[in-house]
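All remarks here apply to the structure that follows.
The values are calculated or read from the model by the stated rules, or taken from the named source; none is laboratory data. Because the structure is predicted, anything quoted here is derived from the model rather than measured. All Cβ positions, even for glycine, are placed from backbone atoms using ideal geometry, and neighbour counts span all protein chains on display.
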Amino acid sequence: MIRVTVDSIRVSLLTQHRVVVLRETDSRRYLPIWIGPFEADAIAMAIQGHEPQRPLTHDLLKSTITEMGGTVSHIFVNDIQENTFFARIVVEQGGQTIEVDARPSDAIALAVRTDVPIYVETHVLDQAGVYFDEDEQIDQGPSPEDIPDAESEPSDDSLSVFRNFINTLDLDDPEKGNSEKS
C-alpha cells in the first residue's frame with residue numbers, strides 16, 4: 001500500500017462535478033476520484049477545521065466507532081473495477097481488526113476527521129494514477145506571471161497539466177468515468 005494525502009478538492013466549472021485529488025506522499029503521482037457534492041463539502045469542511053453546528057454523517061460515524069470502544073486505524077482505497085473505486089475503513093476494537101467496505105469519499109471524510117493515514121493499493125495507483133512534471137503545479141494553480149495577457153495565446157507548456165488530466169477522463173460517458181462505488 002502507498003500512503004497518500006488529500007491534495008485538493010476540485011470542481012468542474014462546466015458540470016459542477018467534484019473530484020478529490022489524492023497525492024502520493026513520496027512522488028508527484030496523483031489519484032483523481034470523482035465524488036458527490038455532499039462528500040466533497042464534508043471533506044473540505046474537515047480539512048479547513050470547520051465544525052458543523054450539528055454532526056454530519058461522517059461525524060456520527062466517528063462518534064459511533066469511538067463510543068463502541070473502537071478507533072479508526074487507517075483507510076485505504078483497495079480496488080478499481082470498471083472505473084469505480086472501492087475503499088475500506090480499518091477499525092481496531094477490543095483487540096480485533098475490523099475492515100468495513102466504504103465508498104472512497106466516505107472513507108476519506110472519516111480519515112480527515114480522525115487524522116488517520118490514507119493508503120492506496122499499488123495496482124489502483126498504477127491503473128488510475130496521473131504523473132505531473134516537477135515544473136507543473138496541480139495543487140496551486142498558475143502563478144500570476146503564468147497567466148497570459150488577454151491578447152496572447154496560452155502556450156502548450158502552460159496547458160499540459162490540464163491536457164494530461166483531461167486525457168484521463170471518459171468524456172463520452174461521464175457516468176462511466178473515474179467514479180466511486182455508489
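Among the residues of region 56-88, the ones that are over 23 Å from VAL120 (Cα atoms) and surrounded by 20 or more Cβ atoms within 10 Å (Cβ to Cβ) come to 0 in all.
Restricting to region 1-37, name every residue that is of a type in the set (S, T, N, Q) and modelled with pLDDT under 90. Give the steps one after another, and end with the answer.
Here is the first cut: in region 1-37, the ones of a type in the set (S, T, N, Q) are 5, 8, 12, 15-16, 25, 27.
Selection gives SER12, THR15, GLN16, SER27.
For region 91-108, the set of residues classified as outside any loop (DSSP other than H, G, I, E, B) and touching an Asp or Glu at 6+ places or on another chain (Cβ under 6 Å) consists of PRO104, SER105, listed by residue number. In region 81-90, is there at least one residue being out of contact with any Asp or Glu (no Cβ under 8 Å at 6 or more places or on another chain), outside any loop (DSSP other than H, G, I, E, B) and either β-branched (Val, Ile, Thr) or more than 20 Å from VAL19 (Cβ to Cβ) (or both)? The answer is no; no qualifying residue exists. Could you list, in sequence order, all residues of region 57-80 that are hydroxyl-bearing (Ser, Thr, Tyr) and assigned to a strand (DSSP E or B)? THR71, SER73, listed by residue number. Take PRO52 and decide whether it is free of Cβ contacts under 8 Å to residues at least 40 places away in the same chain, more than 14 Å from the chain's Cα centre (by Cα) and either surrounded by fewer than 18 Cβ atoms within 10 Å (Cβ to Cβ) or closer than 30 Å to THR15 by Cβ (or both). Here the answer is yes, as PRO52 does meet what is asked. With respect to the conditions (1) touching a Leu at 6+ places or on another chain (Cβ under 9 Å); (2) touching a residue at least 12 places away in the same chain (Cβ under 8 Å); (3) in a helix (DSSP H, G or I), MET45 falls short on a single one, namely (2).
Answer yes if at least one residue in region 137-144 is within 20 Å of GLU24 (Cβ to Cβ), modelled with pLDDT under 85 and buried (at least 17 other Cβ atoms within 10 Å of the Cβ), and no otherwise. Checking region 137-144: at least one residue is within 20 Å of GLU24 (Cβ to Cβ), modelled with pLDDT under 85 and buried (at least 17 other Cβ atoms within 10 Å of the Cβ). When restricted to residues that are without any contact (Cβ under 8 Å) to a residue 24 or more places away in the chain and either surrounded by 19 or more Cβ atoms within 10 Å (Cβ to Cβ) or among the hydrophobic types (A, V, I, L, M, F, W, C) (or both), region 89-113 contains 3.
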